[in-house]
Amino acid sequence: MSLRAVLLITLQREPGTGYDVLQRFRTGLAHVWQASHQQIYRELDKMHREQLLSCQTVAQYDKPDRKVYHITSEGIAFLESWLASPLGPQPVRSPLFAKFFVWERWPADARHAELASLRNTLEERMDSYQAIESACFSSPDSLHPHERAPWHTLRLGKRLTQTWLAWIDEVLEEDREAIS
């Protein structure tokens, strides 16, 4: 998925500043896409130059001017084209998987530390998913169909994270037994 498509998705319902987009990422898209504020601002500027977005400058007292981005007809056409195009297979790339291919050279203490760190990160992700679910999807049965789609992606993110957590536990348990 391109950052460009995700930015258009965030702006298609409501115009916003780079900060607004960043907040939408943190609250609504955190489970499907990550981007730094530098990446977001850089891409918004590019998209404005390419006329996928228009930009309204709003003066502020004692602060830098705000740039409010609006999706243009060219931006809508780009988004519709992206939506109509199949994504194709999504490769699974992880340096962690590469380390598994040299298991015998990977020191046990480094292995355990890396997997424990990943486990902590995944537990934090689950906490984030729970917070999003509580804030945005506390009553899924009352959601309209177009509101349920993001909820479905959140559920998938939670399931994938639960699978990763279970997998890490299995690998660590097996490794502890092999070492004993």
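The values are calculated or read from the model by the stated rules, or taken from the named source; none is laboratory data. As the structure is a computational prediction, the values presented were derived from the model and not from experiment. Here Cβ is always computed from backbone atoms with ideal geometry, including for glycine, and neighbour counts include all displayed protein chains. The protein model used for the area step is the full one, side chains on, heavy atoms only, and it has no ligands, DNA or RNA in it. Shrake-Rupley method; radii C 1.70, N 1.55, O 1.52, S 1.80 Å.
Quick look at the values:
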{"read-out": "Linear extension gain, Cys136 paired with Arg111, 0.36 nm per residue minus alpha-carbon span", "value": "5.3 nm"}
{"read-out": "Heavy-atom accessible surface of segment 71-153: percent carbon and sulfur, 1.4 Å", "value": "59"}
{"read-out": "Inter-centroid distance (Cα atoms) of segment 61-90 relative to segment 123-154, Å", "value": "23"}
{"read-out": "Estimated D of segment 1-75 in µm² per second, where Rh is the Kirkwood radius over Cα pairs and Stokes-Einstein applies at 4 °C, 1.567 mPa s", "value": "104"}
{"read-out": "Solvent-accessible heavy-atom area per residue, rounded to whole Å², over the chain at 1.4 Å", "value": "66"}
{"read-out": "Mean Cβ neighbour count within 10 Å, used as a protection proxy, ranking 85-94, 12-21, 67-76, 161-170 highest first", "value": "67-76, 12-21, 161-170, 85-94"}
{"read-out": "Highest-first arrangement of 122-134, 49-61, 99-111, where packing means the average Cβ count within 10 Å", "value": "122-134, 49-61, 99-111"}
{"read-out": "Percent of Cα-Cα distances greater than 22 Å, calculated over segment 24-147", "value": "64"}
{"read-out": "Anchor Lys67: lysines whose Cα lies under 17 Å away (excluding residues fewer than 8 positions away in-chain)", "value": "Lys46"}
{"read-out": "Using alpha-carbon coordinates, inclination of helix 3-12 to the longest axis of the chain, degrees", "value": "50"}
{"read-out": "Rounded FRET efficiency, nearest 0.05, which uses the C-beta distance separating Leu156 from Asp20 and R0 of 41 Å", "value": "0.95"}
